[in-house]
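Take a look at the structure below.
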Amino acid sequence: MNRGLLLVISGPSGAGKGTVCEAYKTNCGNHVWNSVSMTTRAPRAGEVEGESYYFVTREEFQRKIENDEFLEFAEVYGNFYGTPRAEVEKKLAAGSDVILEIDIQGALNVQENTTEGIFIFILPPSMNELKKRIIGRGSETPESLLTRFKSAYNEINYVSKYNYAITNHTVDQAYSDLMCIVRAERCRVTRVTNEILTLKEEEL
Ligand code: 5GP
C-alpha cells in the first residue's frame, strides 16, 4: 500500500484554512485524517477536547517537548501549539492522507524534520476581506484582533516557502483547488512507480 500524503496547510488567521480543510474532510472522509494538535491556549466556546485540540498545561506541553513527542511545535500568539508525532506516522503508514493545519513556523519545522510534506498556503482574496472575516468571527479581543491582523501581513510573505497557494474566494472553489493538488500529487511519477515496483517478479 502506498503511504498517505502529508498535507501541510498554513495561512493567516481568517484566510479560511479550517473551513477549507473541513470541506475536504467532509468529502473525502475515508482517506483523510485531520491531525489533532495539542495547545496550551484556553478552549474557545464550542471547542471540544480531543476534536478541536488537546488542551494541556504549559508544564505538560514542556514535558512532551522533552520526550520528543512532537513532529513540530511552535509558540503562536503567546501559546504553544504542537503536532503529536505518533498518530501522524501511524496514519501515513496505513495509507491515510494526513492534514496538518499549522502555522508557518511549524510548517518550516516539518520541512526541516522530514523529507515528505506537500506545503499548501491558503490566501484570502484581499486584506480587506481578511479583516472582515476575523472581525466576523467575534472570538477575538480588540488587542488579539490587532495582533492577528498585523501578523497576517507578515505571514503572507512566506507563501514562497510553500509548494502551492490557494486563494480562498469561496469555500467550494478553494476546496476544489485542494482536490486538484491532491490528485496531481497522487500521480507523481515517484509515487506511482513506487507502488508498481512493490510487485514481486513471481507475482507477474
Ligand atoms: P487558533 O488559536 O486560532 O486555533 O490557532 C492559532 C494558530 O496556530 C493558527 O495559525 C493555527 O494554524 C496554528 N496551529 C494550530 N495547531 C498547530 C500545531 O499543531 N502546530 C503549529 N505549529 N501551529 C498550529
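The values are calculated or read from the model by the stated rules, or taken from the named source; none is laboratory data. This structure is a prediction, so every number in the text was calculated from the model and none was measured. As a convention, Cβ positions derive from the backbone with ideal geometry for all residues, glycine included, and neighbour counts pool all protein chains shown. Heads up: the accessible areas ignore ligands, DNA and RNA and are worked out on the full protein's heavy atoms, side chains in. Shrake-Rupley method; radii C 1.70, N 1.55, O 1.52, S 1.80 Å.
Couple of notes before you dig in:
- If you run the Gaussian network model on the chain, springs between alpha carbon atoms under 10 Å, then out of 65, 181, 120 the most flexible one is 65.
- Here the accessible area is traced with a 1.4 Å probe on the protein chains. For the chain, carbon and sulfur cover 51 percent of it.
- Residue-averaged [θ]222 nm for the chain, counting only DSSP H segments that reach four residues, each worth -39500 (n - 2.57): -13000 deg cm²/dmol
- Additional length obtainable on full extension of the chain from residue 89 to residue 179, 0.36 nm per residue less Cα span: 30.2 nm
- Bridges between two residues of the chain, per DSSP, are antiparallel at a rate of about 30%.
- Ignoring aspartates and glutamates fewer than eight residues from residue 161 along the same chain, the ones with Cα atoms less than 17 angstrom from its Cα are 72, 101, 103, 112, 116.
- Aspartates and glutamates with Cα under 20 Å of residue 132, excluding same-chain neighbours fewer than 8 positions away: 140, 143, 155, 172
- Between the stretch 109-129 and the stretch 1-52, the alpha-carbon center distance in angstrom: 13 Å
- Environment charge at residue 58 (Cβ cut-off 12 Å; Lys +1, Arg +1, Asp -1, Glu -1): 0
- Count, lysine Cα pairs under 19 Å in the stretch 1-121, 8 or more residues apart or across chains: 4
- Sequence ranges 173-179, 87-93, 40-46, ranked by mean other-Cβ count within 10 angstrom, highest first: 173-179, 87-93, 40-46
- Label point of residue 188 set 7 angstrom out along Cα-Cβ; within the stretch 103-138, amide nitrogens under 12 Å from it belong to 115-120.
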